[in-house]
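Report on one structure; see the data block that follows.
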Amino acid sequence: MGRLEVRGLSRSYPDEIVALADASFAVADGRIAALLGPSGCGKTTALRLIAGLDRPDAGDVRIDDQSVLRMPAHRRGVGMMFQELALFPHLDVRGNVAFGLRMKRWPRRDRDRRVAELLELVGLADKVRRRMHELSGGERQRVALARALAPQPAVLLLDEPLGALDEQRKQSLRVELRDLLRRLETTVVVVSHDLRDAIVLADDLVVMEAGRVLQSGPLARVLAEPGSPRVAAMVGYVLLARGPVRDGAIVEPDVGRVAVPEGRAGDPAASVFAHPETLLGVPTGLRLGCGVTGVVMRSRPSGPMHMLDVAIGRRPVEVRWEWDLQPPAPASTVEIAARPGTLRFFGEAADAAEDAGGAEALLHEPPVAGKPAQRRALPAEATGRAQVLAVRAMVPPGTHRAPPPAMPDESQDPGRSPARHGAMPPID
Amino acid sequence: MRRVMRAAAGVMAGGGWRWGLPALLLLAPFLWWPLGAMLWRGIAPDGAPSSEALRAVLTDGFYWGRLGFTLGQALASTALALLVGFPAAYVFALIRFPGRGLLLAVVTVPFVLPTLVVALAFQQLLGPGGWFNDALGLAGLGPVQPVGTIWAILAAHVFYNVSIVVRIVSGVWANLDPRAEEAARLLGAGRWRTFTAVVLPALAPALLSAGALVFTFTFTSFGVVLVLGGPGLDTLEVTIYRLATRLVNLPEAAILGFVQLAATLAALVVYATLQRRLGTRLGLRPDRARPLGTTSRPERALLVAVLLGLALLIVAPIAALVHGALTVGASAAVTGRHFTAIFEDTGRLSFVAPLDAIRWSLTFAVGAMAIAMLVGAAAAMAIAHTRGGIATVVDGLLMLPLAVPAVVLGFGYLVTFNRGWYDLRGSPWLVLAAHALIGYPFVLRAVLAVLRSLDPSLPDAARVLGASPWRVWRAVELPITARATLVGAIFAFAVSLGEFGATSLLRRREFATVPIAIFDALGRPGPANLGKALALSTILMAVTALAFLLIERVRFREVREF
């Protein structure tokens with residue numbers, strides 16, 4: 001039981017590598033938080049600092065509103081499951097699980113009872129005497145979990161708990177791990193680079209990049225309302241359009257124009273993101289799309305329907321095709337429609353649209369400190385606590401709105417309909 | 001300056017420096033200081049720096065000759081050991097024949113035998129009336145006299161070191177991925193081309209590594225050369241011994257000592273570098289040896305030839321030694337009187353009573369083993385827990401004893417502990433210190449190999465689970481390295497029992513060891529003395545071989561390093 005709070009934690013290493021820069025987040029008692037981010041973003045460093053295996057240059061780690069910074073690792077009462085598990089090869093399953101209890105000098109009787117209880121919990125009661133090399137990958141992982149849980153830590157840290165497993169194993173163990181953690185009611189911090197782990201395991205999400213916390217908050221909220229283009233991209237959104245705002249719409253050549261909500265109309269430039277699950281391909285000319293068009297690269301059957309691989313600008317996006325029509329041929333153009341209320345708009349600096357590769361850089365390039373594209377993506381507030389900057393599209397679901405003013409630029413494809421977000425035909 | 005600060009911080013942060021303290025207590029007075037004193041003796045013969053001794057050594061053809069001989073015999077021995085060991089490595093790596101494990105252990109036995117014992121065995125085998133000449137006589141060839149020539153020395157060196165080549169090379173070979181060879185064959189390479197273009201380059205580091213180790217041992221060869229060599233056939237080690245025992249030209253001996261040290265250091269750096277590279281590969285692939293039934297006819301012929309050759313090379317000298325101990329000066333076919341004489345000899349007519357020598361040998365061996373175990377295990381922790389650039393320095397300083405030839409160490413003691421309150425001439429403590437220092441690297445290396453192969457987050461895991469730094473060691477590192485410590489300790493015990501180089505310079509009749517008693521008996525006339533030397537050698541051989549078999553039982557199967 002414990003509320004964990006990390007305040008302004010920083011740590012850099014001798015080779016001038018900044019592993020963690022002013023990171024802050026909090027996990028309420030009994031909740032499961034996932035630290036999500038690409039490898040090398042400082043997640044593991046954060047765990048090591050929380051566990052006391054390393055000292056921060058600045059900042060504080062607090063458990064139940066008490067700073068634990070002065071406590072050495074072995075008195076901090078934090079449990080940790082290591083990425084490579086770090087099981088003791090010279091001990092059997094029982095010895096590994098009992099290790100922490102032995103260190104805390106639990107009486108033998110209590111120790112045995114606790115070990116039996118935990119092995120029952122993780123389903124290894126019949127493998128008590130096995131050595132580590134006699135266990136499968138999944139079993140080893142469960143031993144590591146039981147070992148970390150045994151001394152009843154106030155906070156449990158899991159470093160890539162599913163990292164070492166193959167894809168198939170991962171799926172079943174992810175669910176297994178979730179059920180287990182739910183039963184425990186312990187405060188848990190899970191580190192992962194895989195969004196799917198976070199979605200299945202976590203209550204709260206902390207999105208990290210280059211040693212900074214970009215956004216944190218309840219999982220559903222971060223997924224629904226990413227606070228910045230970077231976070232949007234990291235939680236699975238795709239960029240629909242990015243460019244200067246003219247006459248209340250984002251204009252991107254070869255892509256189209258998307259009307260911005262009223263609050264954004266004054267921005268010099270903006271970008272709009274959508275989650276692929278909310279996107280549909282729509283035949284052109286029906287004026288059903290959100291204003292963005294794409295070129296079909298290929299279509300493939302998916303159950304009774306089809307999926308389209310579409311290039312929006314030069315960005316590949318996968319959309320569903322739910323019409324009773326044959327899917328469009330490669331190289332033909334489709335409009336993109338989004339489920340009402342799911343487009344996410346972000347303000348951009350004025351030069352956003354000018355550099356052609358900017359959009360790709362925003363999404364795909366590894367972060368480099370001092371790079372303009374990144375500074376734009378990281379407003380100062382976003383480095384602190386949860387900041388929801390997304391502005392919802394202000395259209396009630398299912399309503400059709402009067403078409404926005406006609407596009408001034410008539411040189412565009414005449415078959416293209418004016419932008420309309422939230423417009424989507426009902427699906428049977 | 002910042003670098004220094006950071007390095008110092010690295011040492012302190014790792015907590016490794018505490019583990020270095022025992023090593024500091026042993027190495028500072030008994031290694032660094034004597035070596036420093038020896039160097040000072042060389043560059044400042046009369047207390048003030050002068051290049052006199054250095055110039056004397058450099059301009060004297062005598063020393064150049066000794067250096068040339070030392071280098072030449074070491075290179076020849078290394079080449080021969082590689083030549084003999086290579087086919088044997090092939091057989092052990094790639095053919096699964098009955099008794100393979102046992103034979104590999106037997107091949108390794110010579111490695112742990114005391115040099116004096118080996119020298120004596122070859123003297124018996126190759127000397128006049130030895131089995132070698134008997135065999136030549138059967139073939140109608142005239143008697144030859146290899147003892148006192150380079151050939152006897154080379155034979156003994158090959159006997160000694162072939163096991164190094166076999167173990168290192170076959171260990172790597174057995175783990176080479178056979179798919180690389182299969183790919184080469186599919187790409188059109190014939191058998192020979194596959195061997196030269198794929199297998200040999202992959203084995204090159206192992207061959208070089210084994211070669212560097214053999215070179216180190218043969219370059220500093222002492223006991224073998226002292227007994228089997230003849231006029232003019234002195235290695236640097238023997239030259240230092242002769243200069244030191246006659247107490248002449250100590251500054252020049254000191255210079256020679258440093259030449260020795262530089263050569264062994266260089267060879268060991270090569271060895272360590274290559275081993276590190278090999279270490280990543282060991283154990284990657286399972287044993288690829290094929291069952292005997294699937295081998296080709298030439299391969300089986302090679303197997304038979306290798307087994308016969310090894311039997312002759314290894315069994316013949318050992319058997320000749322035992323045979324000699326049982327027959328020298330005997331009226332009947334076999335006599336046990338040389339063994340019973342050991343218990344009756346009071347030492348009145350010789351340097352030392354054999355029973356006293358046995359008692360002192362055991363005392364030194366047990367003491368050296370205990371010290372080596374404690375200091376070696378702690379030093380391994382110090383090295384393993386030191387991070388950053390300073391690690392190399394710590395590593396080098398603590399590993400130094402491995403590179404110091406025994407005679408140089410003894411000589412260093414002679415020129416250091418000779419005055420004032422630290423006048424320890426004639427004290428058994430110096431012998432104990434020397435034996436502990438010579439045994440300590442065996443423990444250090446065995447433990448360090450295990451520590452380095454450990455997942456670095458194991459100690460972290462223990463800490464998070466509530467173990468204080470001390471308990472991390474007690475509950476995790478100590479039990480995991482216990483077997484390696486034991487292996488190293490038994491090695492240290494065996495090496496101390498057979499130690500001759502340093503002891504020969506520090507010897508006194510009050511605390512003479514068994515090798516000293518053997519050497520003394522060898523220098524006295526008559527079959528009774530020869531018989532005594534042979535009987536003591538046989539006992540020494542039996543004890544060290546036994547210790548070795550113990551090691552083989554304890555040793556992790558995957559550790560194939562010396």
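At a temperature of 37 °C and a viscosity of 0.692 mPa s, determine how fast the protein assembly as shown diffuses translationally according to Stokes-Einstein, using the Kirkwood radius over alpha-carbon pairs as Rh; express D in µm²/s, rounded to the nearest whole number.
Values: Rh = 34.1 Å.
Translational D for this selection: 96 µm²/s.
Counting only Cα, what are the radius of gyration and maximum Cα-Cα distance Dmax of the stretch A:103-199, in Å?
Using the Cα atoms of the stretch A:103-199, the pair Rg, Dmax is 13.9, 42 Å.
What whole-number value in Å² describes the accessible area per residue of the protein assembly as shown for a 1.4 Å probe?
Normalised by residue count, the accessible surface of the protein assembly as shown is 44 Å².
Of all the Cα-Cα pairs you can form in the stretch B:383-439, what percent are over 17 Å apart?
Pairs farther apart than 17 Å: 50 percent.
When the Cα atoms of the stretch A:52-126 are enclosed in a convex hull and the volume is divided per residue, what value in Å³ results?
Here the figure is 136 Å³ per residue.
Counting pairs of alpha carbon atoms under 8 Å apart in space and at least six apart in sequence, what relative contact order in percent does the stretch B:404-506 give?
That works out to 50 percent.
What is the stretch A:139-275's relative contact order, in percent, from Cα pairs under 8 angstrom and six or more apart in sequence? Each step should come with its number before you reach the end.
Values: 168 pairs, mean separation 20.3, N = 137.
Value for the stretch A:139-275: 15 percent.
How are the alpha carbon pair distances in the stretch A:142-279 distributed across 5 Å bins from zero to the largest one, expressed in percent?
Here the calculated profile for the stretch A:142-279 is 2, 9, 16, 16, 15, 13, 9, 6, 7, 4, 3, 1, 0.
Compute the separation of the alpha-carbon centres of the stretch A:245-313 and the stretch A:124-164 and state it in Å as a whole number.
Using only Cα atoms to place each centre, the spacing works out to 46 Å.
As a test of reading the structure, rank A:His90, B:His157, A:His193, A:His133 by solvent-accessible area (1.4 Å probe, protein chains only), most first.
Descending accessible area places them as A:His133, A:His193, A:His90, B:His157.
Name the residues whose placed amide hydrogens come within less than 5 Å of the amide hydrogen of A:Thr187, ignoring near sequence neighbours (fewer than 5 apart) on the same chain.
So A:Thr187 has HN proximity to A:Gly2, A:Gly30, A:Leu156.
Taking all protein chains in place and a 1.4 Å probe, what share, in percent, of the accessible surface of the protein assembly as shown do carbon and sulfur account for?
On the way: 26250 of 43160 Å².
Accessible surface attributable to carbon and sulfur in the protein assembly as shown totals 61 percent.
Given axes a ≥ b ≥ c from the Cα gyration tensor, I'd like to know whether the stretch B:197-260 is rounded (a/c under 1.5), prolate (a/b larger than b/c) or oblate. Could you put the intermediate results ahead of the total?
Values: a/c = 4.86, a/b = 2.49, b/c = 1.95.
Since a/c reaches 1.5 and a/b is larger than b/c, the shape of the stretch B:197-260 is classed as prolate.
Please express the Cα-Cα pair-distance distribution P(r) of the stretch B:321-375 as a list of whole percents, one per 10 Å bin, running from 0 to the bin with the greatest distance.
Calculated P(r), rounded to whole percents: 22, 31, 30, 14, 4, 0.
Of B:Ser209, A:Ser24, which has the most accessible area with a 1.4 Å probe, and how do the rest follow in descending order?
These residues rank, largest area first, as A:Ser24, B:Ser209.
Which value, in Å³ per residue, describes the convex hull spanned by the Cα atoms of the stretch B:413-562?
Output value, Cα hull per residue: 147 Å³.
For A:His275, what residues show an amide H to amide H distance below 5 Å, using hydrogens built from the backbone and excluding near sequence neighbours?
A:Val238
Taking the dipole about the Cα centre of the stretch B:428-538, with the C-beta of Lys and Arg at +1 and of Asp and Glu at -1, give me whichever of B:Pro479, B:Tyr440, B:Pro469 is farthest to the positive side.
B:Tyr440
Would you jot down the residues in the stretch A:51-100 that end up with at least 40 Å² less accessible area in the complete protein assembly than in the chain alone, with a 1.4 Å probe?
Relative to the lone chain, where solvent access is computed with a 1.4 Å probe, the stretch A:51-100 loses at least 40 Å² at A:Leu53, A:His74, A:Phe82, A:Ala86, A:Phe88, A:His90, A:Phe99.
Using the crude model of +1 on Lys and Arg Cβ and -1 on Asp and Glu Cβ, and no other charge, please compute the dipole size for the stretch A:177-275 relative to its Cα centre, in debye to 20.
The calculated dipole for the stretch A:177-275 is roughly 40 debye.
Which helices count as membrane-span-like in chain B under these terms: full DSSP H, at least 30 Å along the axis by C-alpha, Kyte-Doolittle mean of -0.5 or more?
Those that pass (Cα extent of 30 Å or more, hydropathy at least -0.5) are B:61-94, B:150-173, B:250-279, B:354-384, B:428-453, B:527-554.
Compute the separation of the alpha-carbon centres of the stretch B:420-437 and the stretch A:28-95 and state it in Å as a whole number.
Result: 51 Å between the Cα centres.
Using Cα-only point scatterers and the Debye equation, what is log10 of I(q)/I(0) for the stretch B:352-485 at each q in 0.11, 0.15 Å⁻¹, rounded to two decimals?
After summing over all Cα pairs, the log10 values are -0.52, -0.83.
May I ask you to give the average projected area over all directions of the convex hull of the Cα atoms of the stretch A:229-350, in nm² rounded to one decimal?
If I average the Cα hull's projected area over directions, I get 7.6 nm².
Could you compute how fast the stretch A:280-352 diffuses translationally, taking Rh as the Kirkwood radius over C-alpha pairs and applying Stokes-Einstein at 25 °C with viscosity 0.890 mPa s? Give it in µm² per second.
Rounded, D is 189 µm²/s.
So what's the convex hull volume per residue for the Cα atoms of chain B, in Å³? Could the numbers behind the result be given before it?
Details: hull volume 108.8 nm³, N = 562.
Hull volume over Cα atoms, normalised by residue count, gives 194 Å³.
In whole Å, how far is the Cα centre of the stretch B:524-553 from that of the stretch B:166-202?
42
Residues of the stretch B:445-469 losing 40 Å² or more of accessible surface, assembly versus chain alone, probe 1.4 Å, please list them.
Checking the loss per residue gives B:Leu458, B:Asp460, B:Ala461, B:Arg463, B:Val464, B:Leu465, B:Gly466.
Keeping all protein chains in place and using 1.4 angstrom, which order do B:Trp473, B:Trp32, B:Trp151, B:Trp421 fall into by accessible surface area, from largest down?
B:Trp421, B:Trp151, B:Trp32, B:Trp473
Counting only other chains, what is the mean number of Cβ atoms within 10 angstrom of the Cβ of each residue in peptide B:472-482?
3
Am I reading the B/A interface right? What is its buried accessible area, both sides, 1.4 Å probe, to the nearest 100 Å²?
Buried area (both sides, nearest 100 Å²): 1900 Å².
Spelling out what I want: for every residue of the stretch A:61-74, take phi, set θ = phi - 60°, compute 6.51 cos²θ - 1.76 cosθ + 1.60 (Karplus), and round to whole Hz; glycine and proline get x.
So the Karplus estimates, Gly and Pro as x, are 10, 10, 10, 6, 6, 10, 5, 10, 4, 7, 7, x, 3, 7 Hz.
The values are calculated or read from the model by the stated rules, or taken from the named source; none is laboratory data. As the structure is a prediction and not an experimental result, all values here were calculated from the model. As a convention, Cβ positions derive from the backbone with ideal geometry for all residues, glycine included, and neighbour counts pool all protein chains shown. Side chains included, ligands, DNA and RNA excluded: accessible areas come from the protein's heavy atoms. Shrake-Rupley method; radii C 1.70, N 1.55, O 1.52, S 1.80 Å.
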